[in-house]
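Reviewing the structure listed below.
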Amino acid sequence: QVQLVESGGGLVQAWCSLRLSCAAAGRTISSYCMGWFRQAPGKERDVVAAINWSSSSTYYADSVKGRFTISRDNAKNTVYLQMNSLKPEEQGVYYCVGRRETVTLAATEWDYWGQGTQVTVSS
């Protein structure tokens, strides 16, 4: 089993930056695809970004392209999400996810989920 623990969330002003971290425990995630989902109040969880095991391939939701960057450090068993120029509509709970297979946009197909970290963006 893989346990994922997110950190780095908090309150930030619009157009500022925040960096989320996701530390994995239980086993190495070096062969896993990893990603970040966001859930706004009253809405479904949507994929924000994802990265394959070698960092050679990444996916971003159209709304965050050019502002968010997903990265990983397999030696530290950690995944990051750098979020720049945050918008108020991007606030919500951010979840770190992992799976052995290839990247997928479907929330139900990710095997491992963290507990989430709250990001609040004030306008």
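Things to note:
- Residue ranges 44-53, 106-115 sort as 44-53, 106-115 when ordered by packing (mean number of other C-beta atoms within 10 Å per residue, highest first).
- With a cut-off of 20 Å on the backbone N, the residues of the range 10-26 near the modelled label site 7 Å out from Thr58 along Cα-Cβ are 15-24.
- Database note for the chain: Cys without another Cys beta carbon under 4.7 angstrom, Cys16, Cys33.
- Two-decimal log10 I(q)/I(0) for the chain, as the Debye equation yields it once each C-alpha is a single scatterer, q = 0.15, 0.20 Å⁻¹: -0.59, -1.07
- Computed in the context of the full set of protein chains, the accessible area of the chain at 1.4 Å probe radius has 48% of its extent on carbon or sulfur.
- Cut-off 18 Å (backbone N to label point 7 Å along Cα→Cβ of Ser85), residues of the range 1-44: 13-19
- Stokes-Einstein D (µm²/s) once Rh is taken as the Kirkwood radius of the range 21-90 over alpha-carbon pairs, at 10 °C in 1.306 mPa s: 124 µm²/s
- The charge dipole of the range 1-80, taken about its Cα centre with unit charges on the Cβ atoms of Lys, Arg (+1), Asp and Glu (-1) only, comes to about 80 debye.
- Sorting 77-86, 16-25 by average packing, meaning the other beta carbons within 10 Å per residue, from highest down gives 77-86, 16-25.
- For the range 1-45, taking the reciprocal of the average inverse distance between every pair of different Cα atoms yields a Kirkwood hydrodynamic radius of 12.9 Å.
- All lysines inside 29 Å of Lys76 as judged from Cα atoms, apart from same-chain residues fewer than 8 positions distant: Lys65
- Calculated FRET efficiency for the pair Ser71/Ala40, C-beta based, R₀ 25 Å, to 0.05: 0.55
The values are calculated or read from the model by the stated rules, or taken from the named source; none is laboratory data. This is a predicted model, so every value here is computed, not measured. As a convention, Cβ positions derive from the backbone with ideal geometry for all residues, glycine included, and neighbour counts pool all protein chains shown. Calculation scope for accessible area: heavy atoms of the full protein, side chains included, ligands and nucleic acids excluded. Shrake-Rupley method; radii C 1.70, N 1.55, O 1.52, S 1.80 Å.
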